[in-house]
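*Asks:* Before I ask anything, here is the structure I am working with.
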Amino acid sequence: MERAQTERATRAGTPPEGDHALVAALVARDEDAFARLLDLWGPTMLRVARSHVSTDASAEEVVQDAWLAVLRGIDRFEGRSTLRTWVFRIVSNTAKTRGVRERRTVPMSSLRDDADDDAPTVEPDRFRPVGDPYPGHWRSFPASWPSPEQRTVGAEAGHVVADALASLPDQQRTVVTLRDVHGFEATEVCRLLGVSEGNQRVLLHRGRATLRLRLETFFGADARWGATP
């Protein structure tokens, strides 16, 4: 049970030891705790930074500066938000400052390109509605999953999702990762990325639609989809 909870927390981007213990470890300059956070949050921090600056190299420098700011300011962390939210706000603010210095703006048109007009989408009723315990998430999964015969393809399905996520445009991948992998709220994603609520919804919907279509193709075009218990 404890191992399963730890694995779920890690997949969600939440350190299993919890904020209090993790903050104490960072204050004590525990290198192992810092290394775990680098592995857990580093890739998404780069994506957030890259949404505000002009090059990958700039994004890497932003993340490095943000980690320095985290370590310098951890003694003053008051717990008004989660540690994860606090760290990502530092990344976002550092990246925005760097972006201004680069005299780069992010016009709304950059959130979608010509290819987006042909981007895959699905009917809104395929997702859970507002008021549902998991609004915006897929409403159903393949009815036969996970039968004994299909359990062996679990790892392969995971690779399909990972490949599909990696293929998304930068903004879509970042929004989907923040919302569905790390569990950020929509309003927090809007603040971190500097996008409107409407653009956040569009990016999330299109990203999820691409992942859904890849999975449907993987399980078979004629697979039946039943209600989730």
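The values are calculated or read from the model by the stated rules, or taken from the named source; none is laboratory data. Worth saying up front: this structure is predicted, and the values here are computed from it rather than measured. Backbone-built Cβ (ideal geometry, glycine too); neighbour counts: all protein chains shown.
*Asks:* Could you list, in sequence order, the residues of segment 171-197 that are part of a helix (DSSP H, G or I) and within 24 Å of A157 (Cβ to Cβ)? Break it down stepwise before answering.
*Replies:* Going residue by residue through segment 171-197, those that are part of a helix (DSSP H, G or I) are 171-181, 186-193, 197.
Of everything in segment 171-197, those that are part of a helix (DSSP H, G or I) and within 24 Å of A157 (Cβ to Cβ) turn out to be Q172, R173, T174, V175, V176, T177, L178, R179, D180, V181.
*Asks:* While we're looking at this one, here's another question. Determine whether T85 is within 23 Å of G207 (Cα to Cα), assigned to a helix (DSSP H, G or I) and at pLDDT 60 or above. Show your work before the answer.
*Replies:* Details: within 23 Å of G207 (Cα to Cα): yes; assigned to a helix (DSSP H, G or I): yes; at pLDDT 60 or above: yes.
So T85 passes the test.
*Asks:* Could you go through segment 29-49 and let me know if any residue there is over 21 Å from R191 (Cβ atoms) and in a loop (DSSP other than H, G, I, E, B).
*Replies:* Checked segment 29-49: at least one residue is over 21 Å from R191 (Cβ atoms) and in a loop (DSSP other than H, G, I, E, B).
*Asks:* Same structure, new question: Please determine whether any residue of segment 27-44 is crowded, with 19+ Cβ neighbours inside 10 Å, aliphatic (A, V, I, L, M), touching a Ser or Thr at 6+ places or on another chain (Cβ under 6 Å) and not assigned by TED's automatic domain parsing to the domain that holds R191.
*Replies:* No, segment 27-44 contains no residue that is crowded, with 19+ Cβ neighbours inside 10 Å, aliphatic (A, V, I, L, M), touching a Ser or Thr at 6+ places or on another chain (Cβ under 6 Å) and not assigned by TED's automatic domain parsing to the domain that holds R191.
*Asks:* Return yes when S92 is of a type outside the set (A, V, I, L, M, F, W, C), modelled with pLDDT under 65 and closer than 28 Å to G198 by Cβ and no when it is not. Quick ask: steps written out before the conclusion?
*Replies:* Values: of a type outside the set (A, V, I, L, M, F, W, C): yes; modelled with pLDDT under 65: no; closer than 28 Å to G198 by Cβ: yes.
No.
*Asks:* Applying the selection to segment 198-229, what residues are part of a loop (DSSP other than H, G, I, E, B), exposed (fewer than 12 other Cβ atoms within 10 Å of the Cβ) and at pLDDT below 50? Lay out the reasoning, then the answer.
*Replies:* Looking only at segment 198-229, we keep the residues that are part of a loop (DSSP other than H, G, I, E, B), and these are 220-224, 228-229.
Subsequent filtering for residues that are exposed (fewer than 12 other Cβ atoms within 10 Å of the Cβ) retains 220-222, 224, 229.
A221, D222, R224, P229, listed by residue number.
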